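Below is one structure, written out as C-alpha cells; the observations come after it.
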Amino acid sequence: MNPKVVAVAGATGVVGQQMLKVLEDRDYPIKSLKLLASARSKGKTIQFKGEDVVVEELTENSFKGVDVALFSAGGGTSKKFAPFAAKDGCVVVDNSSAWRMDPDVPLVVPEVNPDAVKKHKGIIANPNCSTIQMVVVLKPLHDAATIKRVVVATYQAVSGGGINAINEMYEQIDAMLAGKEPQCKEFPYPIAFNVLPQIPGSNAYTDNGYTSEEMKMVNETKKILGDDSVRVTATTVRVPVHTGHSESVNVETEKKLTADQARDILSKAPGVVVQDDPANQIFPHALDAHGKYDTFVGRIREDVSHPSALDMWVVSDNLLKGAALNTIQIAELL
Ligand code: A2P
C-alpha cells in the first residue's frame, strides 16, 4: 500500500487516542498525519511514533490533500464535516452514527462484509460498538445454519460514552466511598455501583420504546449481514466497567447447531477466539478483553427452551474492535 496522508478528526478523544495507537501498532503506511479536534484543543501536542504532532482545529478546509480521514468526533461533527472531506477527494471512515443507515454509505466490519467497501462514495461508516462484536460471531453461524432471530442484552462499559463518562464514574466512586452525594451529568442516575438499562444517557428513546442504541443493534445487524430477514431484539445496558463490552446473545437458527458444532465453527472464524471451558472456569470477561483486538466467545450452550437455538457470551474491547481497530481495518481494506 502506498503511504497515505491521514487525518484523525477527534484525535484528542478516547477513541481518537486509540486510533493513533492502532495506526502505530499496525504500522499503517502514513506519509503525513494531521490531528484535528475542536478549537479548545488547537495547539496541543500529541505524540505519534515518538514525534510531537500539533493539533489543528477541524474546519471545512482541513481535508485538502488528505487521502483518508478517520472521524471520531461525534455525530454532529461528522454530519457537518465529512461531506467537505469527501468533496476534496478524501475517503472518510466515520465512527459516529451519523451516516450508518444512509443507503449510499457502506457499513463495514472487515471480517463480515469487506466487499461493501467497494461501493463507497467518499464516506464509509464504522458500526456501533456492540453491533460489531456481535456480528463477527453471528456471521459464521448465519453462513452455517441461517439465523432467524437474535435476542441480545448488553453490558456496556462507560468508556463507550467518552472521556466525560469515564471521569464521572470515577468521581462518583470517590464520592460514594467518602459518604458524599454522587453528581450526575452524563448519566441520569449514578453509574458507580449501579446498572443502567438506558443508553445513551439522555434523549435515549425512540417512538417504539427502544433506545437509539438498541435500534442501532437491530438495524445495523441487518445491514451488515445483508439480510433483512434476521430478526433482532436488544436491551442495551451500561455497567460500571471501564472498558470491554459484554453481551448475552441468544441465536435461533433455521438448521439446528449443537454447542460443539458452534464452538468448532467459531474457533475457525476470523477475529474470534473461543474461550469456553466450564470445567476450568474459562469464559470471556471484560477485564481480560481490555486492550486486545479479538472478540471472545464462551458459555456456548443449547437453549433448553428451544429446539434450535444457542446461548452465548460475547466480549470485546469496545474502543478497539468496537471502534478504533475496526475503523483502521476498513482503512486497510482501501
Ligand atoms: P476536543 O478534545 O477539542 O473537545 P470523547 O468522545 O472522548 O469525548 O472525544 C470527542 C472528540 O471529538 C474530541 O477529540 C473532541 O475534541 C472532538 N470534538 C468534539 N466536538 C468537536 C467539534 N465541534 N469539532 C471538532 N472536534 C470536536
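The values are calculated or read from the model by the stated rules, or taken from the named source; none is laboratory data. Everything quoted here is computed from the prediction, not taken from an experiment. Every residue, glycine among them, receives a Cβ derived from its backbone with ideal geometry; neighbour counts consider all protein chains shown.
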Failed item in (1) assigned to a helix (DSSP H, G or I); (2) closer than 24 Å to GLU213 by Cα, with ALA279 passing the rest: (2)
Residue, surrounded by the fewest Cβ atoms within 10 Å (Cβ to Cβ), within region 227-262, restricted to residues that are within 14 Å of THR295 (Cα to Cα) and either of a type in the set (A, V, I, L, M) or out of contact with any Gly (no Cβ under 7 Å at 6 or more places or on another chain) (or both): SER248
Selection count, region 217-271, where residues are of a type in the set (D, E, K, R), closer than 23 Å to ILE330 by Cβ and touching a Phe, Trp or Tyr at 6+ places or on another chain (Cβ under 9 Å): 1
Any chance SER97 is of a type in the set (Gly, Ala, Ser) and away from the ligand (no atom under 12 Å from the Cβ): yes
Residue count, region 1-20 (criterion: in a loop (DSSP other than H, G, I, E, B) and within 16 Å of the ligand (Cβ to nearest atom)): 4
Some residue of region 68-84 being closer than 24 Å to LEU320 by Cβ, of a type in the set (D, E, K, R) and not assigned by TED's automatic domain parsing to the domain that holds TYR293: no
Some residue of region 41-63 being buried (at least 22 other Cβ atoms within 10 Å of the Cβ), within 15 Å of the ligand (Cβ to nearest atom) and outside any loop (DSSP other than H, G, I, E, B): no
Any chance LYS180 is out of contact with any helix residue (DSSP H, G or I) (no Cβ under 9 Å at 6 or more places or on another chain), more than 23 Å from VAL315 (Cβ to Cβ) and away from the ligand (no atom under 13 Å from the Cβ): no
When residues of region 1-20 are limited to those that are among the polar types (S, T, N, Q) and without any contact (Cβ under 8 Å) to a residue 60 or more places away in the chain, the one surrounded by the fewest Cβ atoms within 10 Å (Cβ to Cβ): ASN2
Every residue from region 43-54 that is touching a strand residue (DSSP E or B) at 6+ places or on another chain (Cβ under 8 Å) and either under 17 Å from PHE81 (Cα atoms) or small (Gly, Ala, Ser) (or both): GLY43
Enumeration of residues in region 204-243 that are of a type in the set (S, T, N, Q), within 22 Å of VAL15 (Cα to Cα) and not in a helix (DSSP H, G or I): THR236, THR243
Residue list for region 73-90, filter: part of a helix (DSSP H, G or I), over 24 Å from the mean Cα position of the chain (by Cα) and away from the ligand (no atom under 13 Å from the Cβ): LYS87
Hey, ALA157 within 14 Å of the ligand (Cβ to nearest atom), among the hydrophobic types (A, V, I, L, M, F, W, C) and out of contact with any strand residue (DSSP E or B) (no Cβ under 7 Å at 6 or more places or on another chain) or not: no
Test for GLN172: is it assigned to a loop (DSSP other than H, G, I, E, B) and either polar (S, T, N, Q) or within 16 Å of the ligand (Cβ to nearest atom) (or both): no
Extreme residue, surrounded by the fewest Cβ atoms within 10 Å (Cβ to Cβ), among residues of region 91-110 that are outside any strand (DSSP E or B) and β-branched (Val, Ile, Thr): VAL105
Options THR253, THR243; residue that is touching a His at 6+ places or on another chain (Cβ under 6 Å), of a type in the set (Val, Ile, Thr) and assigned by TED's automatic domain parsing to the domain that holds ILE147: THR243
Answer from LEU70, LEU36, LEU23 - the residue that is away from the ligand (no atom under 14 Å from the Cβ) and either crowded, with 16+ Cβ neighbours inside 10 Å or not in a strand (DSSP E or B) (or both): LEU23
